[in-house]
1. Report the label-to-label distance for Val151 and Asp49 in nanometres (one decimal), using points 7 Å from each Cα along the Cα→Cβ vector.
2. Can you give me the relative contact order of the chain as a percent, contacts being Cα pairs under 8 Å and 6 or more apart?
3. Calculated from DSSP H runs of 4 or more alone, at -39500 (n - 2.57) each and per residue, what is the 222 nm mean residue ellipticity of the chain, nearest 500?
4. What's the whole-number percent of alpha carbon pairs in segment 136-247 lying beyond 25 angstrom?
5. Taking K and R as +1 and D and E as -1, what net charge do the other residues with C-beta under 13 Å from the C-beta of Arg133 add up to?
6. What are the extents of the Cα atoms of the chain along their three principal axes, listed from largest to smallest and rounded to whole Å?
7. Place a point 7 Å from Cα of Met233 in the direction of its Cβ. Which residues in segment 131-154 have their backbone N less than 20 Å from it?
8. Output needed: percent of Cα pairs per 5 Å distance bin for segment 50-102, bins running from 0 to the one holding the longest distance.
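Just so it is clear, none of the values below were taken in a lab; they were calculated from the coordinates. Quantities reported herein were computed from a predicted structural model and do not represent experimental measurements. Virtual Cβ from ideal backbone geometry, glycine too; neighbours counted across all protein chains shown.
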Amino acid sequence: MAASSPTEPPHSGPPRSTALVTGAASGMGRAVAERFLAEGWSVLGVDRDTTALDKVADELGAAFRPVAVDITDRAAVATALGSPEGLRAVVNAAGIYPPTLLADFDEPTYRRIFDVNVLGTLNVTAEAVPALRGAGGGSVVNFASIDAFAVSPGQLIYSASKAAVVCLTRSLAQELAADGITVNAIAPGWVDTPGTRAGGRMEQAVSTIPLGRAAQPEEIADWVWKLCHGTYMTGETLVVSGGIAVR
Ligand SMILES: NC(=O)c1ccc[n+]([C@@H]2O[C@H](COP(=O)([O-])OP(=O)(O)OC[C@H]3O[C@@H](n4cnc5c(N)ncnc54)[C@H](O)[C@@H]3O)[C@@H](O)[C@H]2O)c1
């Protein structure tokens, strides 16, 4: 990738608002990026997969600015993001979900899951908040999971990491309220993404979902868009699970 620096592309007309979206090279991160682009925003698309990010950047056009960085490295995040102007939304969609049980987990896997899902969310939010403040406030949306609330067999460490995301969402909402920044989370159930398909468990899981199907990434992106435009909601986690939460 030639440039990972978020410099403003040529644009005539009123300045666009900017959204920072992590995990933008795949699945729900990409769908969120596409939703904001469709609404006329520009998007800083963060991902560590440079090949996939280059491809997405080619497909989505100049208003999508790729930022190739691993979110577990705070110094690298700070350098890669710089001080983006007009930043009004941060969506922390990057995450990993390798299966673990008490019987087979190891420390490197534990650290990897918490480093990406928890520390990565904190790193990006911490480095983006000055730009949100500079723009007069905005919204942060974190990706939790239904697994933070309902047991998903084989997701011992992942579910704990997503429960941590629910908790840090509440604390950050309180810490950032005075800056005019709302912080909410979304907790999807099964979503048809490349990551889920690679896990190989989705087909079997669908029969247990009351609505009878996995969500499409665009359906989750729709709720993320709404969470970035609510006026009196902060510190909440919105469960969008096709009924798993109530079965
Ligand atoms: N897919 C589901 O059914 C589901 C359900 C509930 C919650 N979630 C959560 O939603 C989010 C998105 O899931 P998805 O299925 O769209 O994921 P995905 O696997 O399709 O895409 C995740 C993206 O994040 C990027 N990424 C991973 N680690 C990174 C890092 N350290 N730095 C930068 N980028 C990194 C990957 O390269 C990838 O492009 C995740 O946080 C996931 O835990 C997913």
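1. Result: 3.2 nm between the two label points.
2. Computed value for the chain: 19 percent relative contact order.
3. Working: 9 runs with 97 residues, N = 247.
One gets -12000 deg cm²/dmol as the mean residue ellipticity at 222 nm.
4. 23 percent
5. -3
6. Principal axes ranked by extent give 53, 39, 35 Å for the Cα atoms.
7. Flagged as within label range: 137-150.
8. 4, 14, 18, 26, 20, 8, 5, 3, 2, 0
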